[in-house]
Amino acid sequence: MDATISLKYNSATVHIDGLEVRTEGSEFNYSLTPCSALTRSTRMCTAKGQHATAADALAAAVSLARSLGKKLCKNCVAAAEAQAAAEVAAPVVKTTRQALGPASVTGWELLYDKPKQGCEVGRRFDAQGKAHYALICKTSGTVHRLARLSDEGQVRKTGGWCPDCQH
Ligand SMILES: [Zn+2]
Ligand SMILES: [Zn+2]
């Protein structure tokens, strides 16, 4: 979603323009905009700045209204809140590489198998969701932690990471 949301205001009220709320059959059943003030071509000023998410736009609208001493449009706020809730519920796009399965050492998943070298590149996620990588020896079960996934080729080439065999 590359929607850009902007804030507009007239003499008394701050509105949120560019929302994408199209929840049919609900109370947010608007064809173009949730706010009749925005569809009417009344004179409005456009505030500086564009917002990529409804949550951002809502926060900006609150502070704009406060700084200008204006009210927030209830229709716009309700629509922005509904859209912000949908943004939170939307699944996070997964960009991480799919694991091939479990690695030979418990607690690690197999990211790359290196059968000729008798080792694996493993990955595990900590409680914060951060990925950790390691070279895993399939013979001895040595787990050699990598600072970065991109280090694995160099570490294998250099050797000496596994104290139990020729790795
Ligand atoms: Zn409005
Ligand atoms: Zn080894």
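Table for the structure above
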| read-out | value |
| --- | --- |
| Cross-link partners of residue 8 among lysines (Cα-Cα below 16 Å; sequence separation of 8 or more within a chain) | 48, 70, 71, 74 |
| Debye, to nearest 20: dipole size of the chain, +1 on Lys, Arg Cβ, -1 on Asp, Glu Cβ | 420 debye |
| Over the chain: helical MRE at 222 nm, DSSP H runs n ≥ 4 each giving -39500 (n - 2.57), nearest 500 | -7500 deg cm²/dmol |
| Largest-first principal axis extents of the Cα set of the chain (Å) | 78, 35, 22 |
| Of 67, 88, 158, farthest towards positive along the dipole that unit charges on Lys, Arg, Asp, Glu beta carbons give the chain | 67 |
| Contact order normalised by residue count of the chain, Cα under 8 Å, 6+ apart, percent | 15 percent |
| The stretch 101-158, dipole about Cα centre (Lys/Arg Cβ +1, Asp/Glu Cβ -1), debye to the nearest 20 | 160 debye |
| Where labels lie 7 Å past Cα in the beta-carbon direction, separation of residue 53 and residue 81 in nm | 1.8 nm |
| Paramagnetic label zone (point 7 Å from Cα along Cα-to-C-beta, residue 149; backbone N under 12 Å) in the stretch 115-130 | 121-125 |
| Cα long-axis angle, helix 74-89 against the chain (0 to 90 degrees, to the nearest 10) | 10 degrees |
| Distance between modelled label sites at residue 63 and residue 45, nm, 7 Å Cα→Cβ extension | 1.8 nm |
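The numbers here are math on the coordinates, done by the rules we state, and not lab data. Please read all numbers here as calculations on a predicted model, not as lab measurements. Neighbour counts are summed over all protein chains in view; Cβ atoms, including those assigned to glycine, are modelled from backbone coordinates with ideal geometry.
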